[in-house]
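Chemist: What follows is a single structure, and I will ask about it in a moment.
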Amino acid sequence: MVSSIDVKALNIFINQPVSQNMIHKLVVTTLQVLPCSEDKDGRTAHNGKPLPSLMTFINKLVRYTNVYTGTLMTTLVYLDRLKHKLPKNAQGLPCTRHRIFLSCLILASKFHNDCSPKNIHWANYTDGLFSLKDVNLMERQLLYLLNWGIRVSNEEMCAQLASFLSPIKEDLIKSSKMRKYLAKQQAAAASASTTATSTKNCSRTSSLSPSPTISRSSSAASQLSLHNPHHSRQASTNSVMSHYRQDSCSSLESLSPVMPVDKVRGYNDRNAYEVDPRIEMMARNEEQELSRMISQIYKQGA
């Protein structure tokens, strides 16, 4: 059962732009689904296309589709479900992980959006890595493995995004404490002002002296200073959302290994995006190292 602060943190998180930390989380989770054989020749995809690293593959899909954060991170839930559905001795080809992630993203997009790209478009987004027939097949296979259970609950999302939601919840708690503290300070100031006014009125009455004119503007100002809890709560939440939209993590635009050449061009232009070979090599090495560590864990568990 999720609490109200979990739901608030989740709403703030899904309104953030996609970051490189999110991409890295998707890569690691996809690698953990099942062990795969090594890509020795580098040409194991459709029509002998070179197989990119998972990091580059996911980055290109995010840029081509402009997918929302909530839709993209829903794939974590599907990946975790698939991991527990597959047999323990299951092993895939080098391109199996790319297929798994793509099919999870397709299902997440179709479940969350009324207007989702067609499978022919998803095939185009892969730059010829997979054909329309491949995309149709991988979608049907994933639906069969998940037993058509594609509904995602808040509990599952919060469990998968715990590392991202923890700092947001801490900030929400701090802002709530600060709001209560300010409310107490303003209440004390208002009480002191009321007491001082009452004392002055009593003094003027007893002395029967002409009373000085009281400025209405100062009285109105003291009334306006009273804190509106609802307004403060909304302002505090908006402040936290604004903070995490801008500063919580590095943006995909600045850290992505896929470098845009011309943002106006669409996916039909295969030269619209270029990949830095050095960053691609680093991504491949990191992916191989993670895959090796995961394979060792599987062997120890067996």
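Chemist: Among the residues that make up the stretch 130-146, is at least one of them in a loop (DSSP other than H, G, I, E, B) and either touching a strand residue (DSSP E or B) at 6+ places or on another chain (Cβ under 9 Å) or crowded, with 21+ Cβ neighbours inside 10 Å (or both)?
Modeler: Yes, the stretch 130-146 contains a residue that is in a loop (DSSP other than H, G, I, E, B) and either touching a strand residue (DSSP E or B) at 6+ places or on another chain (Cβ under 9 Å) or crowded, with 21+ Cβ neighbours inside 10 Å (or both).
Chemist: Could you give every pair whose Cβ atoms fall below 6 Å, whose first residue belongs to the stretch 93-116 and is closer than 13 Å to Leu61 by Cβ, and whose second residue is acidic (Asp, Glu) and open to solvent by less than 30 Å² (accessible area, probe 1.4 Å), counting only separations of at least 6 or pairs across chains?
Modeler: Ser103/Glu139; Ile106/Glu139
Chemist: Which residue out of Ala183, Ala190 is open to solvent by less than 40 Å² (accessible area, probe 1.4 Å) and touching a His at 6+ places or on another chain (Cβ under 8 Å)?
Modeler: The unique qualifying residue is Ala183.
Chemist: Residues to consider are Thr74, Thr69, Thr65; find the one that is of a type in the set (Val, Ile, Thr), open to solvent by 20 Å² or more (accessible area, probe 1.4 Å) and either at pLDDT 95 or above or within 30 Å of Arg278 (Cβ to Cβ) (or both).
Modeler: On inspection, the qualifying residue turns out to be Thr65.
Chemist: Hey, among the residues in the stretch 275-287 that are assigned to a helix (DSSP H, G or I) and either under 25 Å from the mean Cα position of the chain (by Cα) or charged (D, E, K, R) (or both), which one's surrounded by the most Cβ atoms within 10 Å (Cβ to Cβ)?
Modeler: Looking at the filtered set, the residue picked out is Ala283.
Chemist: So in the stretch 64-97, with the set limited to residues that are touching a Pro at 6+ places or on another chain (Cβ under 8 Å) and in a helix (DSSP H, G or I), which one is farthest from Trp122 (Cα to Cα)?
Modeler: Thr69
Chemist: Let me ask you something else. Which of the residues belonging to the stretch 147-185 are basic (Lys, Arg) and in a helix (DSSP H, G or I)?
Modeler: Lys169, Lys174, Lys177, Arg179, Lys180, Lys184 - these are the residues of the stretch 147-185 that are basic (Lys, Arg) and in a helix (DSSP H, G or I).
Chemist: On the given criteria, is Lys174 open to solvent by 50 Å² or more (accessible area, probe 1.4 Å), free of Cβ contacts under 8 Å to residues at least 40 places away in the same chain and over 30 Å from Ser4 (Cα atoms)?
Modeler: No: the conditions fail for Lys174.
Chemist: In the stretch 108-129, which residue that is in a helix (DSSP H, G or I) and either of a type in the set (A, V, I, L, M) or in contact with a Gly (Cβ under 8 Å, 6 or more places away or on another chain) (or both) is nearest to Leu86 (Cα to Cα)?
Modeler: Among residues in the stretch 108-129 that are in a helix (DSSP H, G or I) and either of a type in the set (A, V, I, L, M) or in contact with a Gly (Cβ under 8 Å, 6 or more places away or on another chain) (or both), the one nearest to Leu86 (Cα to Cα) is Ala108.
The values are calculated or read from the model by the stated rules, or taken from the named source; none is laboratory data. Model, not experiment: these values are computed from the prediction. A quick note on method: Cβ atoms are made from the backbone with ideal geometry, for glycine too, and the neighbour counts reach across all protein chains shown. Only protein heavy atoms, including side chains, enter the accessible area calculation; ligands, DNA and RNA are left aside. Shrake-Rupley method; radii C 1.70, N 1.55, O 1.52, S 1.80 Å.
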